[in-house]
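The structure appears below as structure tokens.
The values are calculated or read from the model by the stated rules, or taken from the named source; none is laboratory data. Since the structure is predicted, the reported quantities are computational estimates derived from the model, not experimental observations. Positions of Cβ are backbone-derived with ideal geometry, glycine not excepted, and every protein chain shown enters the neighbour counts. The accessibility values were calculated without ligands, DNA or RNA, using every heavy atom of the protein model including side chains. Shrake-Rupley method; radii C 1.70, N 1.55, O 1.52, S 1.80 Å.
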Amino acid sequence: MWEEILKAIPVYFASMLKFILGPVGGYTAGLNLLTTILSTVFGMMTIVFVFTYSGNWFREKVLSRFVKKKNKGKFSDSSKRFVTIWKKYGLPGVALLTPLFLTPIGGTLLAISSGSPKDKIIFYMFLSAAFWAVIFSMAIYFFGNEVLPEFIRPT
């Protein structure tokens with residue numbers, strides 16, 4: 001049991017940064033499918049909680065030091081892209097797309113910047129994380145030997 005938990009810790013941290021790294025890391029480490037799914041969901045949801053409840057502080061105190069403000073009347077290409085995604089799909093769509101195209105950090109910051117209620121952000125992100133963790137993990141565990149490079153396969 002302790003060996004499984006120790007193997008799950010890197011999977012947990014990897015899925016905080018990029019969601020797909022959780023299922024791939026769990027498969028590579030030889031974890032049980034359920035352990036991989038839970039580690040991946042907990043990793044993403046840790047970031048969602050942290051940035052949902054401290055995102056405004058992070059943006060004001062940390063990012064403002066590194067990002068120079070441009071002309072206030074013009075939007076950058078990336079901000080236009082986020083606005084387009086938000087208008088087209090809303091919070092459920094952003095949450096659903098976060099594991100696929102955005103990082104957990106990016107998706108959460110996008111949801112926070114829209115002014116959505118924190119409880120809805122957490123709810124939709126959890127549904128999305130659980131759904132995609134099951135889909136990605138099962139796909140990698142069942143088809144991993146055929147599609148993944150040899151150096152990623154479990155030993």
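What to note about this one:
- Pair list, Cβ < 7 Å and 6+ apart or interchain, from the range 20-49 residues that are without any contact (Cβ under 8 Å) to a residue 60 or more places away in the chain and open to solvent by 50 Å² or more (accessible area, probe 1.4 Å) to residues that are among the hydroxyl-bearing types (Ser, Thr, Tyr) and in a helix (DSSP H, G or I): Leu21/Ser15; Phe42/Tyr12
- Residue match in the range 113-126 (condition: at pLDDT below 75 and in a helix (DSSP H, G or I)): no
- Residues that are among the hydrophobic types (A, V, I, L, M, F, W, C) and open to solvent by 70 Å² or more (accessible area, probe 1.4 Å) were ranked within the range 91-138; the one that is farthest from the chain's Cα centre (by Cα) is Met138.
- Residue in the range 135-142 that is closer than 16 Å to Met16 by Cα and at pLDDT 85 or above present: yes
- Of all residues making up the range 1-15, the number that are within 13 Å of the chain's Cα centre (by Cα) and open to solvent by less than 70 Å² (accessible area, probe 1.4 Å): 4
- Given (1) open to solvent by less than 70 Å² (accessible area, probe 1.4 Å); (2) at pLDDT 85 or above; (3) not aliphatic (A, V, I, L, M), index of the condition Phe58 fails: (2)
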